[in-house]
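Report on the following structure.
The values are calculated or read from the model by the stated rules, or taken from the named source; none is laboratory data. Predicted model only: the values in this text are computed from it and were never measured. Backbone-built Cβ (ideal geometry, glycine too); neighbour counts: all protein chains shown. Note: accessible area is taken over every heavy atom of the protein model, side chains too, but ligands, DNA and RNA are not part of it. Shrake-Rupley method; radii C 1.70, N 1.55, O 1.52, S 1.80 Å.
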Amino acid sequence: MPIGAELIALDRVSFSYPSADGTVSVLNNINLTIRRGEWVAVAGTNGSGKSTLAKLMAGLIPAASGEISFAIREQPPVQLVFQNPGTQIIGETVFEDVCFGMENYGIPDSEMARRAMDALEQTGLSSMADMPVARLSGGQKQLLAVASCISVNPAVLIFDEATSMLDPLARQHVAQAAKRLHHLGATVVWITQWLDELSLADRVIAMDQGSIIFDGSPPDFFYKRNDQCQTGCDRLQFAPPYTVQVVLSLLDQGCKLREPLPITAAELGKAVSEL
């Protein structure tokens, strides 16, 4: 979808927390903007600062220094889907849990049921509205967390490694729900260590030791090399997805593939058919 105006801006933002030896720096001098309609993927190793960045953008923690500004008319402006859905599920049934968040934001009772069922429909859970939450699978609980967030109509949805604890099928369901929301106008910040999920994004942010080391398109993350002949993927010391490995092998053998280079199996199939 078209990229619009700036929604969130981080200007020289840093964050640290106290320790027995003083303070531990988590984020260092972060400059970042998120625009309306973007799907921004954030990748990095454990401890790189991804989750802290998510909490800062969601307003859950304050920056130690620097400035975070929001230009969002919607209320609430941002909703965060956590890695573990158990941390944000409150209601006994699926329907009750979606309504709980809306009650906190003062959504009128006359509108609450419609919004709840619409959110459950968008996440594929409408047939389970009366089901006890305890009977849901891990993937269904994560979809419920997504439904609870979207029911309050935020401008920005942040997924903090929301698929990391799921099996491949459940991962696919959560990603598809996010894609539908993005198509409907939501701005998505997708934090992940699954590099195959970067193909969903318009833009990739790579983080290492609390700093942004790459900001660009998904193909550039895998294929564009810096002065040290390293890609963004190389700098994180991550193995690229199988599709990218095949493309790199084809390039090494002298095959000429059309730009932008493929990063999904479907794109690779089309590129090979054109050789």
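Residue selection: I3 satisfies the criterion of being in contact (Cβ under 8 Å) with a residue 24 or more places away in the chain and under 21 Å from S217 (Cα atoms).
I'm trying to understand the selection: among the residues of the stretch 32-59, which are among the polar types (S, T, N, Q) and closer than 23 Å to P154 by Cα?
Of all residues in the stretch 32-59, those among the polar types (S, T, N, Q) come to 33, 45-46, 48, 51-52.
Matches in the stretch 32-59: T33, S51, T52.
Checked across the stretch 117-138, the condition of being closer than 18 Å to V156 by Cα, among the polar types (S, T, N, Q) and part of a helix (DSSP H, G or I) holds for at least one residue.
Being touching a Phe, Trp or Tyr at 6+ places or on another chain (Cβ under 6 Å), closer than 21 Å to R180 by Cα, in the same structural domain as H173 (by the TED database) and not aromatic (F, W, Y) holds for only one residue in V146, V94, V152, and it is V152. When the stretch 242-264 is limited to residues that are under 15 Å from R225 (Cβ atoms) and of a type in the set (A, V, I, L, M), the one that is farthest from the chain's Cα centre (by Cα) turns out to be L251. Selection of the stretch 18-34 for residues being open to solvent by 40 Å² or more (accessible area, probe 1.4 Å) and under 26 Å from R235 (Cα atoms) yields V24, S25, N28, N29, N31, T33. For the condition hydrophobic (A, V, I, L, M, F, W, C), modelled with pLDDT of 95 or more and open to solvent by 10 Å² or more (accessible area, probe 1.4 Å), F95 qualifies. A Cβ distance below 8 Å, combined with a sequence gap of six or more or placement on separate chains, defines the contacts here; from the stretch 130-151, residues that are charged (D, E, K, R) and open to solvent by 10 Å² or more (accessible area, probe 1.4 Å) reach residues that are in a helix (DSSP H, G or I) and at pLDDT 95 or above in the pairs D130/V94; D130/F95; K141/V133. Looking across the stretch 255-270 at every residue that is open to solvent by less than 50 Å² (accessible area, probe 1.4 Å) and farther than 22 Å from G216 by Cα, the one that is modelled with the highest pLDDT is identified as G269. Among the residues of the stretch 49-75, which ones are surrounded by 15 or more Cβ atoms within 10 Å (Cβ to Cβ) and touching a helix residue (DSSP H, G or I) at 6+ places or on another chain (Cβ under 8 Å)? Once the filter is applied, which keeps residues that are surrounded by 15 or more Cβ atoms within 10 Å (Cβ to Cβ) and touching a helix residue (DSSP H, G or I) at 6+ places or on another chain (Cβ under 8 Å), the stretch 49-75 yields A63, I68.
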